[in-house]
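To start, the structure under review is shown below, and the notes come after it.
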Amino acid sequence: MQDVQKKIIRFVLDYDISNINTYAGYKGDLIIKVTTKNREDVIDLRKYALSLGVKEVVIKEKLDTKQYEIFCVTVDDDVYTLR
């Protein structure tokens, strides 16, 4: 796990979250998925993640459950690409 991921996870634990998951993407991306019901938490997490220089932050609003899913995408430095 990279330092950026660890910082995001530590930051998120101070908020009222429902769930947190980590995934590895097929192109060498590392993904952190956070689920919460509080919109202000989403905004704070997005600002913090972008300040760390993550590749992308995606926010998905689930209207049926009134939850927000935040996906923070970082590049895995241990993965190499073929040219």
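The values are calculated or read from the model by the stated rules, or taken from the named source; none is laboratory data. All values derive from a computational prediction rather than experimental measurement. As a convention, Cβ positions derive from the backbone with ideal geometry for all residues, glycine included, and neighbour counts pool all protein chains shown. What goes into the accessible areas is simple: the full protein's heavy atoms, side chains included, and nothing from ligands, DNA or RNA. Shrake-Rupley method; radii C 1.70, N 1.55, O 1.52, S 1.80 Å.
Run Ile43 past the list (1) in a strand (DSSP E or B); (2) closer than 19 Å to Lys7 by Cα and report the number of the one that doesn't hold.
The number of the failed condition is (1).
Considering each residue of the stretch 46-75, count those that are open to solvent by 70 Å² or more (accessible area, probe 1.4 Å) and outside any strand (DSSP E or B), and give that number.
8
If I ask for residues that are open to solvent by 70 Å² or more (accessible area, probe 1.4 Å) and in a loop (DSSP other than H, G, I, E, B), which ones from the stretch 7-30 would you list?
Leu13, Asp14, Asp16, Tyr26, Lys27
Do the conditions hold for Val34, that is, is it touching a Leu at 6+ places or on another chain (Cβ under 7 Å) and buried (at least 17 other Cβ atoms within 10 Å of the Cβ)? Don't jump to the end; show me each part of the working.
Working: touching a Leu at 6+ places or on another chain (Cβ under 7 Å): yes; buried (at least 17 other Cβ atoms within 10 Å of the Cβ): yes.
The answer is yes for Val34.
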